[in-house]
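Step one of this worksheet: look at the structure below.
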Amino acid sequence: MDAALKALADPHRRRILELVADGELTAGGIAEHFTLTRPAVSQHLAVLVEAGLLELRRDGTRRLYRARRAGFAGAALLLEGFWDDRLGRLVRAVGSEAARPAADDVERVCVQRDVYLPAGPERVWAMLTDPEAATGWMGVDARIDPRPGGVYRVEVVPGEVVEGEVLVAERPTRFAHTWGWVGEGGAVPPGTTAVAYELVPLDGGTLLRLTHRELPGVRAAGSHSRGWAHYLERLAAVAAVGDAGPDPWVADPGRLLAELRP
């Protein structure tokens, strides 16, 4: 991730990635767009390949370069988390419980996150819908019946439970369910928001797009966005190496209350 961010810091490298975002170019073809020397362009290409942001394919004596979308996943999560943290600080600075509008007047907000997972859609589908697999990246206990009308219930950390009803189950491309906290006190109760997953095959793995709709205002959207960043990072670890390790929020449930719940 550090190598990707350092590579992206240079405007010449960002321009190279724009040139090869939708197709392949040779080193010479790329160099035609710059006033840099050919050796300088070659050095930038080497940095991008080393950072995992470019794919290199040899065709006889030619070297063809193309953007590697999977290489951007870690950097994207980090940058999204950076802005989520600033958003949370802004909300805490200007908002208060007394200033929150009545429930009927709350603007509903949508949170969306994309992550590349080095696993096929069938395996990712299982990690989302199989209770045992699902608790490998989120929660300590789960009941998931992956069919429309089925139960979705996850004890995220001891004593903190989300409940919902499955809305869509189209294996292995789409899964959606309602979402809300049991005993939340009215802020995000069960049935009031919805989480949808879209699974798209990409580069031998899966691009997972998560959309959490109908969150009641910026405060709830910011906290849930930070929460999804945490859990999607764990999901990516399971997809990559089979184990995300112990969840620090399970060991310290107060961290979930501080970071995830509005």
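Here Arg15 meets each of (1) touching a Phe, Trp or Tyr at 6+ places or on another chain (Cβ under 7 Å); (2) over 21 Å from Arg58 (Cα atoms) with one exception, condition (1). Filtered by the rule that a residue be farther than 16 Å from Ala236 by Cα, of a type in the set (D, E, K, R) and assigned to a helix (DSSP H, G or I), the stretch 115-148 gives a lone residue, Glu132. One residue alone among Leu54, Leu45 is modelled with pLDDT of 90 or more and under 26 Å from the mean Cα position of the chain (by Cα), and that residue is Leu54. Could you tell me whether Trp228 is surrounded by 20 or more Cβ atoms within 10 Å (Cβ to Cβ), hydrophobic (A, V, I, L, M, F, W, C), touching a residue at least 24 places away in the same chain (Cβ under 8 Å) and more than 24 Å from Arg123 (Cα to Cα)? No: the conditions fail for Trp228.
Identify, please: which residue in the stretch 30-65 is part of a loop (DSSP other than H, G, I, E, B) and of a type in the set (A, V, I, L, M, F, W, C) and is, among those, surrounded by the most Cβ atoms within 10 Å (Cβ to Cβ)?
Per the criteria, the residue is Leu53.
For every residue, the table says whether it meets (1) surrounded by fewer than 17 Cβ atoms within 10 Å (Cβ to Cβ); (2) assigned by TED's automatic domain parsing to the domain that holds Met138; (3) at pLDDT 90 or above; (4) within 14 Å of the chain's Cα centre (by Cα).
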position	(1), (2), (3), (4)
His177	no, yes, yes, no
Gly180	no, yes, yes, no
Ala187	no, yes, no, no
Pro190	no, yes, yes, no
Leu210	no, yes, yes, yes
Val218	no, yes, no, no
His224	no, yes, yes, yes
Ala237	yes, yes, yes, yes
Gly245	yes, yes, yes, no
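All of Arg209, Arg219, Arg213 fail the test of being in contact (Cβ under 8 Å) with a residue 60 or more places away in the chain and within 15 Å of Val115 (Cα to Cα), apart from Arg209.
Within the stretch 1-21, the set of residues being surrounded by fewer than 16 Cβ atoms within 10 Å (Cβ to Cβ), in contact (Cβ under 8 Å) with a residue 40 or more places away in the chain and closer than 20 Å to Leu202 by Cα comprises Met1, Ala21.
The values are calculated or read from the model by the stated rules, or taken from the named source; none is laboratory data. As the structure is a prediction and not an experimental result, all values here were calculated from the model. Please note: Cβ atoms are built from the backbone with ideal geometry, for glycine as well, and neighbour counts cover all protein chains shown.
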